[in-house]
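This report concerns only the one structure given below.
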Amino acid sequence: MRITLVYPPVAIPTSAPLGIAALKGFVEKNSNINVKCVDINLSYYENVLDKFINKEFDIGKGEKSRQLVKKAKDIFKKGGKDFYDPKVYNPCANEFFHLVEKVSEINNNSLFEFIYGQNDNVRNSLFRYLEKIGKPDAVGFSILTAEQIPHSIAMAKLIKEELKVPVIFGGGAVRVSPELFLDKFSQYIDYVVKGDGEYALLRLLRGIKEGNLKDINNLIYRKNNKIESNDEIITEKLDFLPAPDYSDFELDNYFCPKKVISVLTSRGCYWRKCAFCSDCDAVSMNYRIRSVRNLMEEIKLLKTKYKTDYFYFADEMIAPSRFKAISEGLIQNNIGLNYYTQAMPIKEFDNELLKTMYKSGCRAIMWGVESGSQRVLDLINKNTNVTDIQNVLRQSNSAGIKNAVYAFGGFPTETEEEYKQTLQFLQRNMAYIDVQFTGLFRLTKNSEIYKNPAKFSITNIIENKSVNPFVPIYSYETKEGITQQKSVELYDENLSFFLGLNKFSPFLGKFRDHMLIVFND
Ligand code: SF4
């Protein structure tokens, strides 16, 4: 049996996707099933960029825009001194990012036209990807972000029409409403896998033949016109999982001058209490860790096999005690790598630990700072303290680690004064901030705020219809604090301050793998 696993557009194309590489490693190790991974997202970018550079379409921005996109493609792939020069990198990244955003905006409506009816242009443009998918017995889509959903459904439709094989959806972005995919699009999608995918996919591929689906945990399917949702379980023993297999990807062809390989040191989140987080209740968010020994073996193997020293620890959040063990393991085993990751800025990240982390190869950390107001942090239930956050950023900076800071304004009940406290916090610590991802609070489904709005003084939640039914956009009314509209105005007023906090380029917040390369070399 053969299955093709697809990573669909549109996602940042700077490194190969971990999800389908992990599934390939697992399924091929445990069966005779042949798994082919295809990064259609990368092909999509190549296609859009080349067509734009070759003047096959226009977005009304003229020749200068084409030259910048051409340069961006060149320096992202090959590096060279221009990649490390913010005066060159910045306008190139800006044009690259906005071109793709503009094209996606236009495409999204056409994709849904095709999904719900017909659109020959979309059909023809998707057709070219069928060749890459080949003629497997089943096709699986790994959907990590909501932006990948329109292409995934449109391609599922085409696969059903042309290849007539079972189509499986899975990945982080299906977690919010997994049943909805079968409810709305069961003519194109046969199965949805929620949560951990390895065992479910392997058993499904065996079960498709045997017609026995009811015992396959994590599987959602249709039977007698009813959606059946089997119990979800987690993979407890991560050490039993083989290393991700990236051998199907053209690793030298990504939009990053160095190969960055993603690994997971754990799954789930050890905290699971942030009020804005839509994932806290998900079964797959149960926290599990790999042994340091197993992790070291995997990193050594990946380093040798793919000839790179650049890694992303893609965990939701790594606890300080784990960082200590991992860093010591990397140092003792003399592994020699450069990595970046994300963490919660709590006081256990002290001077000694941060220095050990740097010594082990940690070059940048994306910190969930969120707010400079203690009352807002407490309401989020973030488990952090403004003074500690400040100390962590300063010590991390002095250890040599670059700090990327997430913060946002407009949390329900936040006052203008509290918004200013965040601005003041950022101002006070600007010498220690290298990248900022400051934005606006967004209400998401399944979050504590969504489930318990009164606790956050929300009086009314309104779901605004979007062309993509999987990305509901909520507006809301509150009886305390600044309004949603006011938070947008404050954001716009302060945008140049936020952008100015970036030491190299605000686009390192988008092209995160570049952060590791720029700050390490
Ligand atoms: S936002 Fe991050 S740290 Fe907070 S509960 Fe969600 S995954 Fe965990």
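The values are calculated or read from the model by the stated rules, or taken from the named source; none is laboratory data. Keep in mind the model is a prediction, meaning the values are calculated, not measured. Cβ atoms come from the backbone with ideal geometry, glycine included; neighbour counts cover every protein chain shown. The accessibility values were calculated without ligands, DNA or RNA, using every heavy atom of the protein model including side chains. Shrake-Rupley method; radii C 1.70, N 1.55, O 1.52, S 1.80 Å.
By DSSP, the beta bridges lying fully in the chain are antiparallel in about 30 percent of cases.
Net length available on complete extension from ARG375 to ILE461 is 28.7 nm, with 0.36 nm assigned per residue and the Cα-Cα distance removed. Basic side chains Lys and Arg get +1 at the Cβ, acidic Asp and Glu get -1 at the Cβ, and with that the dipole of the stretch 158-317 about its Cα centre reaches some 140 debye. Along its first, second and third principal axes, ordered by size, the stretch 80-146 spans 46, 27, 22 Å in Cα coordinates. In loop segments of the stretch 140-180 as defined by DSSP, the trypsin sites (Lys or Arg not before Pro) with at most 15 further C-beta atoms inside 10 Å of their C-beta are LYS164. Here's the picture: charge each Lys and Arg Cβ at +1 and each Asp and Glu Cβ at -1 in the stretch 132-202, and of TYR199, ALA138, ILE159 the one pushed furthest to the positive end of that dipole is ILE159. What the Cα atoms of the stretch 12-80 give is an Rg and a Dmax of 17.2, 53 Å.
Ligands, DNA and RNA are left out, and with a 1.4 angstrom probe the accessible area of the stretch 248-293 is 41 Å² per residue. Taking the accessible area of the stretch 52-161, probe 1.4 Å, and keeping the other protein chains in place, the carbon and sulfur fraction comes to 50%. According to the square roots a ≥ b ≥ c of the eigenvalues of the Cα gyration tensor, what is the shape class of the stretch 123-257, taking rounded for a/c under 1.5, prolate for a/b larger than b/c otherwise, and oblate for the remainder? In terms of gyration-tensor shape, oblate. Taking all protein chains into account, the per residue accessible area for the stretch 1-147 stands at 45 Å² (1.4 Å probe). Sorted largest first, the principal axis extents computed over the alpha-carbon atoms of the chain equal 61, 54, 52 Å. Once the chain from ILE106 to ALA325 is taken as fully extended at 0.36 nm per residue, the excess over their C-alpha distance is 74.1 nm.
When only alpha carbons of the stretch 150-202 are considered, Rg and Dmax amount to 10.9, 29 Å. Taking all C-alpha pairs of the stretch 274-398, those more than 25 Å from each other amount to 30 percent.
Over the stretch 1-146, the reciprocal of the mean inverse Cα-Cα separation, the Kirkwood hydrodynamic radius, stands at 17.1 Å. For the stretch 79-229, a crude dipole built from +1 on the beta carbon of Lys and Arg and -1 on the beta carbon of Asp and Glu, taken about the Cα centre, is about 460 debye to the nearest 20. Pairs of Cα atoms nearer than 8 Å and 6+ residues apart set the relative contact order; for the chain it is 13 percent.
By per-residue mean of other Cβ atoms within 10 Å, what is the highest-first order of 383-393, 504-514?
Details: 383-393: 18.8, 504-514: 21.8.
Going by the mean number of other Cβ atoms within 10 Å, highest first, we get 504-514, 383-393.
With Cα atoms defining each centre, the stretch 168-228 and the stretch 358-401 are spaced 39 Å apart in the structure. Rounded to the nearest angstrom and listed largest first, the equivalent-ellipsoid semi-axes of the stretch 348-451 from its Cα gyration tensor are 26, 15, 12. May I ask which of LYS324/LYS402; LYS73/LYS305; LYS51/LYS465; LYS29/LYS226; LYS258/LYS307 have a Cα-Cα span longer than 22 Å here? Beyond 22 Å: LYS73/LYS305; LYS51/LYS465; LYS29/LYS226. For ARG2 and GLN485, a Förster radius of 56 Å and the Cβ-Cβ distance give a FRET efficiency of 0.60, rounded to the nearest 0.05.
Normalised size of the stretch 116-187, defined as Cα radius of gyration per 2.2 N^0.38 Å with N residues, equals 1.08. Rounded to the nearest 20, the size of the Cβ-charge dipole of the chain about its Cα centre is 940 debye, with Lys and Arg at +1 and Asp and Glu at -1.
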